[in-house]
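The structure under discussion appears below in the form of structure tokens.
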Amino acid sequence: MRILVFSDIHSNRQALEAVMQKETAFDALVFAGDVVDYGTDPVFTVDFFRSFKGCHHVVRGNHDDHLINVYRTGEWMRAKGKDFKWIHHNCRLLSNEQVDFLDSLPLHVSFSADGYGYLVQHQYDEKYGIIESPYAFDNYWNEHWHGDGDISLGRRMIFGHSHRQCVHVLQGDRLWLNPGSASYRRPDDPDKNAQYMIIDNGNIEFRSCPYDRSIQRAEAEKYRVSGEMMDTEIQDFMFFFGDAKTSRDPLF
Ligand SMILES: [Fe+2]
Ligand SMILES: [Fe+2]
């Protein structure tokens, strides 16, 4: 089985399109959470998962939960001028049905393929914690794994959230996988490409591809000019998706 694994697309239409145009042959799709926020096109990213017809395993991330909360409390309608954030922008564009879809996504998904068990979720704890001991791995696995099938070759947890592409090898048959973010990097990684992972018959391969960032930048520029976004929001955006060296580079 060939599995396309990606995470943290964060409303980035152009990155999602680039990955899907490059990877046209796969048997299952895994997405480890954060469909929305920070990017400019949540409608496209939400509807991509809503309408995906093939085998897929998709979980909810903390930004998805945040959007659901801000949307349903109506907070997004009360944000004005310099209080306006990308989460409000995302809420403004989405419908009740799209938010209900995000809310319907599970926090954990289990499945097996080619002799391996996979347990998918967005994050391990409230911050950016990782599992470093076999004991903690087994506890977490036993609590959340509900799959069946042959997993004699190993147990693999897939996490998103950190936006850092990595595999952690723990003692025995235990792996922690993160495909990175298909959308944007953390400050310690200046790479602007869309990162993801292919697992082909159990073999793990990190991949990435470039995408056109100019469309999102033009949209962000619109909000900067209109004064609708906080300067810090625009600074984050210019670092995540533009060419700013830090998330606090001056805007002028
Ligand atoms: Fe994220
Ligand atoms: Fe996250």
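Of all residues in the stretch 115-145, how many are assigned to a strand (DSSP E or B) and in contact with a helix residue (DSSP H, G or I) (Cβ under 7 Å, 6 or more places away or on another chain)?
Taking the stretch 115-145 first, the residues assigned to a strand (DSSP E or B) are 116-120.
Retained after the next criterion (residues that are in contact with a helix residue (DSSP H, G or I) (Cβ under 7 Å, 6 or more places away or on another chain)): 119.
Qualifying residue count for the region: 1.
Scanning the stretch 156-195 for residues that are among the aliphatic types (A, V, I, L, M) and within 14 Å of residue 9 (Cα to Cα) gives 182, 194. In the set (1) crowded, with 19+ Cβ neighbours inside 10 Å; (2) out of contact with any strand residue (DSSP E or B) (no Cβ under 6 Å at 6 or more places or on another chain), the condition left unmet by residue 245 is number (1). Going by the conditions given, is residue 212 part of a loop (DSSP other than H, G, I, E, B), surrounded by fewer than 17 Cβ atoms within 10 Å (Cβ to Cβ) and within 16 Å of ligand 2 (Cβ to nearest atom)? It is false that residue 212 is part of a loop (DSSP other than H, G, I, E, B), surrounded by fewer than 17 Cβ atoms within 10 Å (Cβ to Cβ) and within 16 Å of ligand 2 (Cβ to nearest atom). Counting only residues that are assigned to a helix (DSSP H, G or I) and among the hydroxyl-bearing types (Ser, Thr, Tyr), the stretch 33-82 holds 4 of them.
Considering the stretch 181-213 alone, what residues qualify as being in contact with a strand residue (DSSP E or B) (Cβ under 9 Å, 6 or more places away or on another chain) and of a type in the set (Lys, Arg)? Those that are in contact with a strand residue (DSSP E or B) (Cβ under 9 Å, 6 or more places away or on another chain) and of a type in the set (Lys, Arg): 185, 207. Considering the stretch 110-136, and only residues there that are more than 16 Å from ligand 2 (Cβ to nearest atom) and under 28 Å from residue 66 (Cβ atoms), the residue that is surrounded by the most Cβ atoms within 10 Å (Cβ to Cβ) turns out to be 118.
Each reported figure results from applying straightforward, stated rules to the coordinates on display, with no laboratory input. Being a predicted model, the structure only gives us computed values, none of them experimental. Glycine gets a Cβ as well: all are built from the backbone with ideal geometry, and neighbour counts include every protein chain shown.
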